[in-house]
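The structure appears below as structure tokens.
Derivation of every value follows stated rules applied to the coordinates shown; laboratory data play no part. In this text the structure is predicted, and so the values were computed from the model without any measurement. Positions of Cβ are backbone-derived with ideal geometry, glycine not excepted, and every protein chain shown enters the neighbour counts.
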Amino acid sequence: MNNFDVYLYDGNFYNLLNTIEILIKEKIKPSKIVNESIFVNDLFSNVRKKSLSNSDVFAKKLKKISLRFYNIIYDVYLSDSQNKELIIYYFILNGLKYGEKILYLRKLKCVNEALNISNYVHREAHKLKGFVRFKKLETNFYLAYISPTNNVIEYLSNHFKKRLSNESWMIYDLKRDLLSIHTKKKYMIIKVSDLEKNKLKFSSDEKDFENLWLTFYQTIAIKERENKRCQMNFMPKKYWPYMIEMSDECVKSN
């Protein structure tokens, strides 16, 4: 092995863990671990891929160290952070060495990075719980669009499964083409094709509901106390395109 060995995996969480398990067993310290679907090769890298099966055996071993330890690994995996796979590799390597107390060794770079990323992922998921806006489709499903920095659709689905347990709804992550579909108190997350996107049509009375919500939003607003900077602190601008009250018409009227 040299300093430019890059190990690929198929993007699956368990396969990432199994790749890391093999690397640790073989005492290999990779320069990179990359999802093969986004990897761009260069002249200086030796690209390698470990042969493995989609097994959760190693995941169960990591859970025995600490459930929080395992959850942090999953948070980092869901993040949009660069080199997240390498952070997970070193976090697991040290977790196997130190056990549960790894979570308190903030002086280790991998621990500090993993905890910060985990907190960042949960902050975004928490914010989106208040910013998700559902619209009624012709099929009587309710659809919400999101485009978060991190892959938090699973956390949002768990939240709305409890809040809207008796409704049929979908949450569509435009950035990743992921669609969460909830029916009969269960949900599943699937990859969406362009053909399926075009089938999502809003009901005829959806515009009436939107107008009622805009009227309410504008009525309770106090123009003299308007503070755009404060507003953006609590309601980041990246979420505005999917919020009815922050549509162009609403912003202009205010």
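Numbers for the structure displayed
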read-out: By average C-beta atoms within 10 angstrom, highest first, the peptides 128-137, 180-189; value: 128-137, 180-189
read-out: Of K127/K184; K61/K101; K25/K97, pairs whose Cα-Cα distance is over 19 Å; value: K127/K184
read-out: Placed amide H near K135: partners under 5 Å, 5+ positions off or other chain; value: L143, A144
read-out: Region 106-165 - convex hull of alpha carbons, volume per residue in Å³; value: 85
read-out: Value of Rg to Rh for region 5-123 (Rh from inverse mean 1/r over Cα pairs, i.e. Kirkwood); value: 0.95
read-out: HN-Hα J in Hz across region 149-154 - Karplus 6.51, -1.76, 1.60, θ = phi - 60°, x for Gly and Pro; value: 5, 9, 7, 10, 4, 5
read-out: Residue-by-residue Karplus 3J(HN,Hα) for region 95-111, coefficients 6.51, -1.76, 1.60, Hz, glycine and proline x; value: x, 5, 7, 9, x, 4, 5, 3, 5, 9, 8, 5, 6, 6, 4, 5, 5
read-out: For region 14-27, Karplus couplings with θ = phi - 60° (6.51, -1.76, 1.60), whole Hz, Gly/Pro x; value: 5, 5, 4, 4, 5, 4, 5, 4, 5, 4, 5, 4, 8, 6
read-out: Amide H contacts of K32 (H built 1.01 Å from N, under 5 Å, at least 5 apart or other chain); value: Y7
read-out: Amide hydrogen neighbours beyond the local backbone of S55, cut-off 5 Å, H modeled; value: none
